[in-house]
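Reading through the structure tokens given below for one structure.
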Amino acid sequence: MDDHEQSRTHNCDKRTREDDLHEPMEPVKQSPGAERENLQVKIQLFQEQPNKIPPLLAYFPSGYNPCKTQKEGGGGANKPKVKVFRNMAQRKGNRLQVVVTPSGSNVDFVGSSYSGEAATAQVCRFSLGVLDKEAGTLKIIPIATNKIFRLEPRVRTSETAIEDASVSTKSELTTEKKDMLDKLGELTALYGTKRDRKKRKDFIDLKREVDPESQKELEKKIGQVAFDKEALADTSAIIARNIPPHDVSATTPLEAYPLDKIILKGDWDFLGDIYKLLEAGEKVASDAYPHFVCNRIRKLDAIRDETQKRRLSCLFSYITHLVKFRDQFSMGQASSAKNHNIPSIIRHRFINMFTDPGSKILASEKIDLLISYVLVLTLHADGFRTDPSDIATDLRISKVDLRRHFLNLGCKLGHQSSVLYATLPLPLKFPSDNFRKKRRQ
């Protein structure tokens, strides 16, 4: 290795060591009988090229494993589809979006380089290293936008399904037809009029390869579909209610509002603040946590199972973050919410769910959605029979609005010993639009 390569290797190692200071390193596990192998390699650094997209790195916080799913499904037939979208605007050319679609599923895993976790402050640089032992080279390649994409699950809507159906009806041109079209295109580019050349350019840019006959046939089939008006009305009512993910056919309250759809798998590791306080023998400050949480801390002391104890404490932490997030974005911001620290991953999830781009306050429909999330979590915390008086104080809502939100979730309200309780009867039944209009009148 010459002096120039050694100098570059030294500088690369120096930068790598400086970046590694920001990340905890895990020890590499080696088998007892393994021998270490010393390699002398030539390091090749590749720069990012503006006309090419570098490798993309992504992970699934939900626990989905595409390699395992493909292996269990029997190979290439169940291979997930991967799409990469780039914003072609000059000022936003570095904005990328990755969409992974498992085979036969209506759920897409979506991640972007400009929102959510990717929008946090960047304190290091990421690169992809490819070691070739035979050639004695180590190629270091920058990754796309210097971001690791967090792929969140999203259920595909009816509009997306129709769009996918139209895309699937694209005709597959034979080799002869493609050759003929290519020759006609070349003739148009050489001898065609200015108008025809512009048409051809637009044709190539938009990639319009849809067969008109197939489109007409698809429209005819869609027109013959018998729509269930009652089901469509129920769907629109659920959307208008702004409620968390739920299952109308559930047979238990836990399944009616599944907790793993509200608090995702990757979020639980960032909700251990209350559990750590209890482990250290410290008290939970009443000014740092909502009244609902402070009034139920004693429930954690009575739980012997550490798994259940930790799970309930994480539930209390998530409720706290939701309440404080609403206070931080309200007009009369509570003083206790100003210094409250919400983990960046959870905060960015809240921003995507409950805020509009560029707005410093929450819209009314977003506030209703946030309150619905809080009330569902209080039901989980109290075994689906909760006294909502303290959470109403935390959310600063009246008894009338509290009743409206619980009824919108399919809950039943009743008094026992002059105390109001909210329960969740099954199967889930939501108030109809006519009933809600009568109440408004």
Note down the magnitude of the dipole of the range 238-285 about its Cα centre, charges +1 on Lys and Arg C-beta and -1 on Asp and Glu C-beta and zero elsewhere, to the nearest 20 debye.
-> 180 debye
Starting from the Cα-Cα distance between M353 and I303, subtract it from 0.36 nm times their residue separation and give me the gain in nm to one decimal.
-> 14.7 nm
Take the alpha carbon atoms of the range 37-65, find their center, do the same for the range 262-311, and report the distance between the two centers in whole angstrom.
-> 39 Å
R0 = 41 Å: FRET efficiency of A280 with K133, Cβ-based, nearest 0.05?
-> 0.25
Sort the range 338-384 into rounded, prolate or oblate with this rule: let a ≥ b ≥ c be the square roots of the eigenvalues of the Cα gyration tensor; rounded if a/c is under 1.5, and if a/c is not under 1.5, prolate when a/b is larger than b/c, oblate otherwise.
-> oblate
Selected from G358, H380, T393, residue furthest toward positive end of dipole (the range 350-398; charges at beta carbon) | G358
Expressed in square angstrom to the nearest 10, the accessible area of Y59 with a 1.4 Å probe stands at 80 Å²
Give me the distance in nm between label points sitting 7 Å out from Cα along the Cα-to-Cβ direction at T120 and A363, one decimal.
-> 2.8 nm
Keeping all protein chains in position, work out how much accessible area C67 exposes to a 1.4 Å probe, and write it in Å² to the nearest 10.
-> 100 Å²
Determine the gain in length on full extension of the stretch N38-S389; use 0.36 nm per residue of separation and subtract their C-alpha separation, reporting nm with one decimal.
-> 119.6 nm
Compare the peptides 45-56, 371-382, 100-111 by average per-residue count of other Cβ atoms within 10 angstrom and give them in order, highest first.
-> 371-382, 100-111, 45-56
Using a Förster distance of 45 Å, how high is the FRET efficiency between K199 and R396, based on the Cβ-Cβ distance and rounded to 0.05?
-> 0.15
Between the modelled labels at F85 and I148 (7 Å from Cα along Cα→Cβ) the distance in nm is 2.5 nm
Stretched out fully, how many nm does the piece from A189 to K265 gain, at 0.36 nm a residue minus the Cα gap?
-> 21.9 nm
Assigning unit charges at the beta carbon (Lys, Arg +1; Asp, Glu -1) and nothing else, what dipole magnitude in debye, to the nearest 20, does the range 311-372 show about its Cα centre?
-> 240 debye
Cα gyration tensor shape of the range 301-417, rounded if a/c is under 1.5, else prolate or oblate by comparing a/b with b/c = oblate
Using only protein heavy atoms and a 1.4 Å probe, report how much of L128 is accessible, in Å² to the nearest 10.
-> 60 Å²
What is the spin-label model distance, in nm, from A337 to S418 if the labels are put 7 Å beyond Cα along the C-beta direction?
-> 3.3 nm
Which order do S432, S313 take when ranked by solvent-accessible area (1.4 Å probe, heavy atoms of all protein chains), largest first?
-> S432, S313
Among the listed pairs K299/K412; K68/K147; K81/K133; K52/K139; K42/K83; K265/K299, which are separated by more than 26 Å between their Cα atoms?
-> K81/K133; K42/K83
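The values are calculated or read from the model by the stated rules, or taken from the named source; none is laboratory data. Note that the coordinates shown come from a computational prediction; the quantities given were computed from them, not determined experimentally. Virtual Cβ from ideal backbone geometry, glycine too; neighbours counted across all protein chains shown. Accessible surface is based on the protein model in full, side chains and every heavy atom, while ligands, DNA and RNA are left aside. Shrake-Rupley method; radii C 1.70, N 1.55, O 1.52, S 1.80 Å.
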